[in-house]
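A.B. asks: Encoded as structure tokens, here's the structure I'll be asking about.
The values are calculated or read from the model by the stated rules, or taken from the named source; none is laboratory data. What you see is a predicted model, and the numbers here were worked out from it, not measured in a lab. For accessibility, only protein heavy atoms count, side chains too; no ligands or nucleic acids. Shrake-Rupley method; radii C 1.70, N 1.55, O 1.52, S 1.80 Å.
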Amino acid sequence: MIIKAKNPRLTSQEGRNQSGLRAYNERRIMTLIRQQGSAPKAEIALKTGLSAQAVTVIINSLEADSLLIRKEPQRGRVGQPTIPFALNPDGAFGIGLKVGRRSFDLTLIDLMGNIRATLHENCAYPTVDSLLTFLKKGISVLKMSLNKDLADRILGIGVATPYEIWNWTEEAGAPTEIMEQWKSFDFRLRINQIIDLPVYVCNDDTAACSAELSFGNPTRFTDFLYVFIGTFIGGGVVINESLFTGKKGNAGAIGSLPKPMLNSKGQLSSQQLIMQSSLYILEKMLKNDGYNTDILWSSNEYWGDLGPVLEKWIDQVADGLAYAALCSLAIFDFEAVVIDGAIPINVREKIVLATQIKLSEADHRGINRCEVKSGSIGAKAQSIGCANLPLLINFSQDNTILSHH
């Protein structure tokens, strides 16, 4: 059975999109309001350079489409009270499907990035069959969390999946023939057999970076390297306040960064960062010491006492991140490195502090120093980020970086 999801509001949206300049200015205004939380028309005109009349026409149109709402008038100034406009959380929704190496997530977010409903399922390794079963059940449950009018405002499904997931069978502990099925899996085709919505696909850590850019980044960095510590470590790149994905959508793949090392014979060799700074490495280290590692995958909030093994892993992670930061600074001159992950906050803070120290002690001759900060979204960054893809496509200035698959 195909679940139909029609959106009557899209008719006017498509009409507006026929005017390139009008659509561009709408996106500018929506992006500005998202960044500031709310803004009156006069301030929007000042910051966008648009005329007061143009801003009024666009604001009225967006308000009529339930994308903007009026806030309480601001009084106490000379003249008439000013009315700030904010995004309407109920104006539009996105569904995100995160295909992880140890779990699946379905997440429904509103226009403000608030999670309205979410489903999670752990797995030893991801299979096509288990994903489809999870999807059929999960999408129906998510849609039931909204009334019919709001469900009609779901704009699409974003999919976040590891780049070439089938190439990591040994590290994932999965049978090769099972992982090979992902090679020919068509997300758009198979999802559209379940629900009739546009489907957008991107790298899982690029999605997480998108969430940080859209709903986090409180320091308002314009250029930063984003790091997500999951089963495998990965990242994303933000340049000029926009998500930069690269020609083939895999920019920021720091997990594949080769780090120089000496092999057992004392010869210079290299090892990818994935082999040093990922959660599955911590899992191996803990198993070797006799720990039960289920807590790593069942909780992102509290791991209990994992002793010196955890401290050793944190040091390894920080060492790898300091190296990745130096390499990135030499190329892009970032303002900051932002570190997040599917890890407890106290563990993340220790990694951030250790990375700061290692980076401060590194040889910076010829390159600028950068800040090292914690991400603000947390373990759900990948899930929120992929649910944000349909919203980015429809409403953000940053809509050109994602292909419609």
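A.B. asks: Leaving out ligands and nucleic acids, note down the accessible area per residue over the chain with a 1.4 angstrom probe, in whole Å². Intermediate values should be presented prior to the final figure.
C.D. replies: On the way: 18470 Å² over 405 residues.
Result: 46 Å² of accessible area for each residue.
A.B. asks: Among 28, 220, 369, which one shows the biggest mean-square fluctuation in a GNM of the chain, springs joining Cα atoms closer than 10 Å?
C.D. replies: 220
A.B. asks: Would you list, by chain and number, the lysines whose Cα falls below 24 Å from the Cα of residue 287, excluding same-chain residues fewer than 8 positions away?
C.D. replies: Reachable lysines: 312, 350.
A.B. asks: Could I ask something else about it? What is the range 175-222 by shape, rounded, prolate or oblate, if you read a ≥ b ≥ c off the alpha carbon gyration tensor as root eigenvalues and call it rounded for a/c under 1.5, prolate for a/b larger than b/c, and oblate otherwise?
C.D. replies: Verdict is oblate for the range 175-222.
A.B. asks: Here is a follow-up. Using a 1.4 Å probe on the protein heavy atoms, what percent of the accessible area of the range 186-267 belongs to carbon and sulfur?
C.D. replies: That fraction is 51 percent.
A.B. asks: Past 22 Å, Cα to Cα: identify those pairs from 41/380; 98/183; 137/183; 136/247, in the order given.
C.D. replies: From the list (41/380; 98/183; 137/183; 136/247), the Cα-Cα distance tops 22 Å for 41/380; 137/183; 136/247.
A.B. asks: Further question on the same structure: Give me the percent of accessible area attributable to carbon and sulfur for the range 307-392, probe 1.4 angstrom.
C.D. replies: Carbon with sulfur: 54 percent of the solvent-accessible area.
A.B. asks: Now, a different point. Taking H placed 1.01 Å from N in the peptide plane, check which residues at least 5 places from residue 200 or on another chain put their amide H under 5 Å from its amide H.
C.D. replies: 157, 158, 159
A.B. asks: Can I ask one more? Residue 374 to residue 220: extension gain in nm, 0.36 nm per residue of separation minus the Cα-Cα distance?
C.D. replies: Result: 54.1 nm gained on full extension.
A.B. asks: If you roll a 1.4 Å probe over the range 66-146 with all protein chains in place, what percent of the accessible area is carbon or sulfur? Intermediate results must be reported in sequence, preceding the final value.
C.D. replies: On the way: 1870 of 3580 Å².
Whole-percent figure for carbon plus sulfur exposure: 52.
A.B. asks: Further question on the same structure: For the chain, how big is Rg over Rh, using alpha carbon atoms and the Kirkwood form of Rh?
C.D. replies: A ratio of 1.00.
A.B. asks: Equivalent-ellipsoid semi-axes (√(5λ), Cα gyration tensor) for the range 223-329, whole Å, largest first? Can you show the working numbers first?
C.D. replies: Working: eigenvalues 141, 78, 24 Å².
Rounded to whole Å, the semi-axes are 27, 20, 11.
A.B. asks: What 222 nm value per residue comes from the helices of the chain, counting each DSSP H run with n ≥ 4 as -39,500 (n - 2.57) and dividing by all residues, nearest 500 deg cm²/dmol?
C.D. replies: Values: 16 runs with 172 residues, N = 405.
For the chain, the value works out to -13000 deg cm²/dmol.
A.B. asks: Now for a separate question. For helix 20-36, what angle does its Cα long axis make with the longest principal axis of the chain, in degrees from 0 to 90 and rounded to 10?
C.D. replies: So the inclination is approximately 70 degrees.
A.B. asks: I've got another one for you. What ranking of 83, 314 comes out by heavy-atom accessible area, probe 1.4 Å, highest first?
C.D. replies: 83, 314
A.B. asks: Give the angle, between 0 and 90 degrees and rounded to the nearest 10, that separates the Cα long axis of helix 128-144 from the longest principal axis of the Cα atoms of the chain.
C.D. replies: So the inclination is approximately 30 degrees.
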